Each structure stands twice: as C-alpha cells, then as structure tokens.
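Q: Structure in structure tokens, see below.
The values are calculated or read from the model by the stated rules, or taken from the named source; none is laboratory data. What you see is a predicted model, and the numbers here were worked out from it, not measured in a lab. Because the Cβ atoms are built from the backbone with ideal geometry, glycine has one as well, and the counts that use them run over all protein chains shown. Keep in mind that these areas ignore ligands, DNA and RNA; they rest on the heavy atoms of the full protein, side chains included. Shrake-Rupley method; radii C 1.70, N 1.55, O 1.52, S 1.80 Å.
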Amino acid sequence: MSIQNKRKIINDPVFGFIHIPSGLLYDLIQHPYFQRLNRIKQLGLSYLVYPGAQHTRLQHSIGAMYLTVEAVKHLQFQGNEITDAEAEGVYAAVLLHDIGHAPFSHIMEHAFAEGMSHEEITMLMMRKINAEMDGKLDLALKIFENKYPKRFLHTLVSGQLDMDRMDYLRRDSFYTGVSEGTIGSARIIKMLDVADDKIVLEAKGIYSIEQFLIARRLMYWQVYFHKTSVAAERMLINIVRRAKELAGQGVELFASPALRYFLYNKVTKHDFLTKEETLANYALLDDSDLLCAIKVWMSHDDKVLSMLCDMFTNRKLFKIKESDVPFDDDVVSEQIARYMNRLGISEHEAAYFTYRGSFASDTYTKGEDNINILYRDGSTKDISEASDMLNISVLSKQVRKHYFCYMKDEE
C-alpha cells in the first residue's frame, strides 16, 4: 500500500476530522499494541459515576497526536525549525505515549508487575515496534526519552503544558459532561513559541493558561479523585489481590491465558526485561480479561472473591470516608471484626472488605518544565510569577486526602 493510500481521516467527536499525517503513523495505529488501547478505558471506572465516560486510551492518543500536529504547524509558522523527520518523530512519540497502560488505565498500574510503571512498559513496547520496523522509531524514541538535542520537542510529549494533558482535559470533560474541565486548547496552541529550547507561551495567552490550570484542578477533584470512583477502584484492586493470593495457593480460577499468566506467576521487572513471553502476555491483557473473569468469579467457592465480584458487578460498591488525617487502626479493626463475626471468616479474609489509603494532587509543580510566559521584549517569566490571579502557594500546594473504604452494612 502506498503512503498516499494510507492517509486516512478519523472523525473524532472532540476535534472533528483528524488526518493521519504519514504512512508510518498509519502503521503505528494499525499495530496490535496500539489497537489494544481500544479495549482500555481512559478513565478506568469513572463510568460508574459518569455513565458517558466510556472513551478509550486509543481515542485519547489520537487526539493528543492531532493537537501535536497543530502545535508543530504553529511553531513552524513562528519560524522555529522543525524538519519533517522531527515532526513525524514527535507525532509518533505522542501517539504511542500510553501503549504501556494496564487494564483500566492507572488503577492496575502495579497489580501485574511489581516495580514496573506503565512508562517503562511503554518504552519496551516502543523498542519492540522499532525493531519490527527496522529502526523507523529511532528518532521518536530519542524524543520520548528526552535524549534529542531539541529538548522542546520532548516537552510537547511530556510536560506541564504537553499535548497529553491538553487532550485528556478536553476529552474527559466532554465525555463526563463536567463542563468545568473545558479548556481553550486551540487558543493555547496559537500562543506557543520556543525560547531557549523551551516551549513558552506568549503573554497574551496567560488567561487561557490560568483557565487550563484551574480546569486541571477541578477535574482532579471532581472526576479523577471522585470518591465513588476511588471506592470502586479499590474494590477492583482487592479482587485482583485475592485472585492472585488464591492462584498462589494453587486454587483453580477461570482466566484468559494472558490473565492466567499474571495470576499464577509472580511477575517482576526482571521478567519484563528478560522474558519475551511476559511482554507478549501483557500486550494481550485489557479490560475485557478482568471483566469476564470477575463475572465468572461471582460463583466461585471462595466467599471473599465471590462476594467482592458480585458487589463489583452489580455496583454495590464500598462506602468511603475521607479525612484530612489518616484513619486510626481502631476504625479499620472495628469494621474487620464486624465482617469476621457476620460472615464467619478470618481476620485476613475480612480485611479484603476494607481499604485504607490516600491520594494527592497539585495543580502546578515548579521545576525544569515550567510554564513560561514570553513577553515582547524577549524576556520570560514563570506562570506562577506572571499571573495576577493565581498565587504560587495555591498553584503548587499539594492537597492530600486520606480515605477509608469498607463494605456497607446491608451487604
């Protein structure tokens, strides 16, 4: 197939018609690693709160690529030298930036491989694709790893004003219906430029950045850390933990071959780095493997696993309490004792009906990839200093909340 014939158009509900810029990018979209993202929900279990949040990592990745294309075109128009090869490299890097995600995105980040982040798995997958394509991703890998001389290209892939964030705020807001997350991505892109090998924003775009930061803060606390979503996520984590524990005891569990591999083997980072079968099985793992297994496990002989799966499937979710300080051990022990008495199970088993933890978020982190405002005289200033509305102490303050999840009394 010629490159011309590979140039396709995708109709995206957020950005409209998206053109695939090159044959290489078309091939990447067609690759099984990328198509797997069609079976992984972008927002994990948020659909249990926002029923419209059914969009996938694949949709997000294509949207991020589209925004990167628009950003590169504008930066070139501004007089910044970006060759066709560099442009294709950064498009490929953005397109593939999420291929290493586990089922349900961030929820299962470390459930299947101890000490292995999705970014590290993404790198392994990109290198695997690169080998298959005879080095066509060499430049994309350098940009992704921030090893390419033009460092500003990496900032488009990963930074505090990257195209990843720009897409997920717009897209997640669209699909959840949370209008507070809407941002002016087109306006922001039109204000971008490069100074000292860093992406900067023209001063007249400062209000769009303020809106971007506020939208990010609101989306984290209204959507990403919504307490019902958190309760459902912790229930799913406990289901997988229990299944792995039973598998480790030799108990037979229904599972797809890919899921079985991770249930019945203690997979570590070393396995990913040394065994081809580990990455091969991971590349076949998606949301459907877990959902199908959970439906079957509802009738398993193990009381803990079957109850958790039934509760999860039928949306009888954990209750959740939040606090500014950690919950005392006594609070947890009291609930565990109640479950032991009511269900006739051990303390260890009863603990699966609880989950204690915390989550934290900050809106803006001042560091190497600051959001810098460019003034007409050529000087730059960090957004936290340039903004006349947002105080740096508010922008950079990390907000942490503690939570305790537990089974409802009527279960």
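Q: Rg (Å, one decimal) plus Dmax (Å, integer) for the alpha carbons of the stretch 216-302?
A: Expressed in Å, the Cα Rg and Dmax of the stretch 216-302 come to 15.5, 45.
Q: As a test of the formula, what do you get for the chain when each DSSP H run with n ≥ 4 contributes -39,500 (n - 2.57) and the sum is divided by the residue count, at 222 nm and rounded to the nearest 500 deg cm²/dmol?
A: -14500 deg cm²/dmol
Q: Quick check: the distance between the Cα centres of the stretch 196-250 and the stretch 36-81, to the nearest angstrom?
A: Computed from Cα coordinates, the inter-centre distance equals 15 Å.
Q: Please give the helix 57-77 orientation as an angle from the longest Cα principal axis of the chain, in degrees from 0 to 90, rounded to the nearest 10.
A: Result, in degrees: 20.
Q: Separate question: log10 I(q)/I(0), Debye, Cα-only the chain, no solvent, q = 0.08, 0.12 Å⁻¹?
A: -0.49, -1.04
Q: Find, among the GluC sites (Glu not before Pro) in the stretch 199-285, those assigned to loop by DSSP (not H, G, I, E, B) with at most 16 other beta-carbon atoms within 10 angstrom.
A: Working: sites: E202, E210, E233, E245, E252, E276, E277; in loops: E252.
Counting only loop positions with at most 16 other Cβ atoms within 10 Å, the GluC sites (Glu not before Pro) in the stretch 199-285 are E252.
Q: At 1.4 Å probe size, with every protein chain present, just tell me what the per residue accessible area of the stretch 277-411 comes to in Å².
A: Per residue, the stretch 277-411 has an accessible area of 53 Å².
Q: Tally up the carbon and sulfur contribution to the accessible surface of the chain as a whole percent, 1.4 Å probe, everything protein left in place.
A: 50
Q: List the pair-distance distribution P(r) of the stretch 56-163, using every Cα-Cα distance, as the percent of pairs falling in each 10 Å bin from 0 up to the bin containing the longest distance, rounded to whole percents.
A: Reading the bins upward from 0: 15, 45, 31, 8, 1.
Q: By how many degrees, between 0 and 90 and to the nearest 10, does the Cα long axis of helix 303-313 differ from the longest principal axis of the chain?
A: 40
Q: Stokes-Einstein D for the stretch 105-255 at 20 °C, 1.002 mPa s, Kirkwood Rh over Cα pairs, in µm²/s?
A: The diffusion coefficient I find is 115 µm²/s.
Q: Mind checking which lysines have their Cα closer than 23 Å to the Cα of K150? Skip sequence neighbours fewer than 8 apart in that chain.
A: Hits, sequence-local ones excluded: K73, K136, K142, K190, K198, K366, K381.
Q: Cross-link candidates for K275: which lysines have Cα within less than 20 Å, leaving aside residues fewer than 8 places away along the same chain?
A: K128, K266
Q: Among the lysines, which have Cα under 18 Å from the Cα of K303 when same-chain residues fewer than 8 positions away are ignored?
A: Here the lysines satisfying the reach criterion relative to K303 are K244, K295, K316, K408.
Q: Given the convex hull over the Cα atoms of the stretch 1-121, what projected area results after averaging over all orientations, in nm²?
A: Value for the stretch 1-121: 9.1 nm².
Q: Something else about it: Once both axes come from the Cα atoms, what is the angle between helix 84-95 and the longest principal axis of the chain, in degrees from 0 to 90, rounded to 10?
A: Helix 84-95 and the main axis of the chain meet at about 20 degrees.
Q: So what are the ³J(HN,Hα) numbers for the stretch 292-301, from phi and the Karplus equation (6.51, -1.76, 1.60; θ = phi - 60°), rounded to whole Hz, Gly and Pro as x?
A: 5, 4, 4, 5, 6, 5, 4, 9, 6, 5
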